[in-house]
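Here the structure comes first, spelled out in structure tokens, and everything after it is commentary.
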Amino acid sequence: MNLEEIGIFIVIGLIIIAIGVLVTFVPVALWISAWAAGVKVGIFELVGMRLRRVIPHRVVNPLIKAVKAGLELNTNKLEGHYLAGGNVDRVVNALIAAQRANIDLTFERAAAIDLAGRDVLEAVQMSVNPKVIETPFIAGVAMDGIEVKAKARITVRANIDRLVGGAGEETIIARVGEGIVSTIGSAKNHAAVLESPDMISQTVLKKGLDAGTAFEILSIDIADIDIGKNIGAGLQTDQAEADKKIAQAKAEERRAMAVAAEQEMTARVEEMRAKVVEAEAEVPRAMAEAFRSGNLGVMDYMNFNNVKADTDMRGSIGKATDSSEDDTNNPGSNR
């Protein structure tokens, strides 16, 4: 091979490489699709998207869809929303759905809703087809102390004007639950709630619970209602048990005080007995002192002993007489 043939092959290789790089870097197929759909997107505009790190088909395909649906959008708006971290395809689908449902929704509002973290397409669909939110069993206590449990189904429609900054489903459920509890609590007895469960929904609806939320409450229906515990009786039982424990504690306190007083009196009796014994112990010493001083003679001492013996004999006779009288009154006691 001569130098001219080698040069031709080199040129052809460079051309092939250039075409490959061009096809890879420039989405020619996407440009052709846009051109066939009547969407004016320049080839250099697609190259600019690549340079701005924008995936072209994430912008061009939704633009084709929007143009075919009759929406007036351009690549700058869609590209800006993409760079802001939004979902361009979902926003375009929401705009198309809103247009078909005759809902006034601009691209700026749809983009703001999408960037706020809400599903704008689902919101549009919910505006057309309301959603039913079912609450768990919510318990309330009527004035007669009977617990009433109610489950509600809340039919809501998305309020697009309040989607940005509006409260979600959890707030709706919490507010409806609060309304159910207050309505049951204001009823005179549980029978009234069972007879007219619609009074709950009517009362709750009048409170305007959807204020500040992203939804509009269309209706509140009581799906199920049930009777729970007798809270009033339980509270009275607990109170009675508490009163009983208090009374027992006070009685135990009085008993302890009485026992302490009894022990104190027993101690005082023993103290007095000790004093008596001590006083009796002084008698022999006093007699001995009287003997030494001459104030007591032998005959006096003998007379004292006789009197003492006579007294002891009289005491023994008295005890024997009492014992015989007890045996006479209770003849069967010795059997």
Please tell me which of these pairs span more than 31 angstrom C-alpha to C-alpha: LYS131/LYS207; LYS151/LYS245; LYS206/LYS229? LYS151/LYS245
Quick one: if you stick a label point 7 Å off each Cα along the C-beta vector at GLU122 and ARG292, how many nm between them? 11.7 nm
Given all pairs of different Cα atoms, what value in angstroms does the Kirkwood hydrodynamic radius of the chain take? 31.8 Å
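Let's see if you can work this out: charge +1 on each Lys and Arg Cβ, -1 on each Asp and Glu Cβ, no other charges. What is the dipole magnitude of the chain about its Cα centre, in debye to the nearest 20?
On the way: 37 positive and 45 negative charges, 394 e Å.
For this selection, approximately 1900 debye.
Using Cβ counts within 10 Å as a stand-in for footprinting exposure, how do LEU14, LEU78, LEU296 rank, fewest first? Before the final figure, lay out each step's value.
Working: LEU14 10, LEU78 25, LEU296 16.
Ranking LEU14, LEU78, LEU296 by Cβ neighbours within 10 Å, fewest first, gives LEU14, LEU296, LEU78.
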Proxy reagent accessibility, fewest Cβ within 10 Å first, across SER127, SER219, SER293: SER293, SER219, SER127
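For LEU83 and LYS188, FRET efficiency with R0 = 51 Å and r from the beta-carbon atoms, rounded to 0.05? Present the calculation step by step, with values, prior to reporting the outcome.
Working: r = 63 Å, r/R0 = 1.23.
Once rounded, the FRET efficiency stands at 0.25.
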Once LYS319 and ASP300 are pulled to full extension, the length gained, defined as 0.36 nm per residue separation minus their Cα-Cα distance, is 4.0 nm
About the Cα centre of the range 21-135, how large is the charge dipole given +1 on each Lys and Arg Cβ and -1 on each Asp and Glu Cβ? Please answer in debye to the nearest 20. 300 debye
State, to one decimal in nm, how far the label point of ILE16 lies from the label point of ASP104, with both points 7 Å from Cα in the Cβ direction. 6.2 nm
Over the Cα atoms of the range 131-230, what radius of gyration and what Dmax do you get, in Å? 13.8, 45
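What ranking do 141-150, 233-242 get when scored by the average of other Cβ atoms within 10 Å per residue, highest first?
Numbers: 141-150: 19.5, 233-242: 10.9.
Top of the packing list down: 141-150, 233-242.
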Using all Cα-Cα distances in the range 3-128, what percent lands in each 5 angstrom bin from 0 up to the longest? 2, 10, 19, 17, 15, 10, 8, 5, 4, 3, 3, 2, 1, 1, 0
Farthest positive-ward along the chain dipole, Cα basis, beta-carbon charges - from ALA258, ALA233, VAL276: ALA233
Could you tell me the distance between the Cα centroids of the range 86-161 and the range 240-279, to the nearest Å? 75 Å
Could you give the nm distance between label points at VAL307 and GLU253, where each point is 7 Å from its Cα heading toward the beta carbon? 5.6 nm
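Quick one: of the DSSP bridges fully inside the chain, what percent are antiparallel, nearest 5?
Numbers: 20 of 21 bridges.
Counting only bridges with both partners in the chain, antiparallel ones make up about 95 percent.
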For SER196, SER33, SER201, ascending order of other Cβ atoms within 10 Å (fewest first) is SER196, SER33, SER201
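Throughout, read-outs are computed from the coordinates displayed, never taken from laboratory work. This one's a predicted model, so the numbers in the text were calculated from it and none came from an experiment. Heads up, the Cβs are rebuilt from the backbone with ideal geometry, glycines too, and the neighbour counts pull from every protein chain shown.
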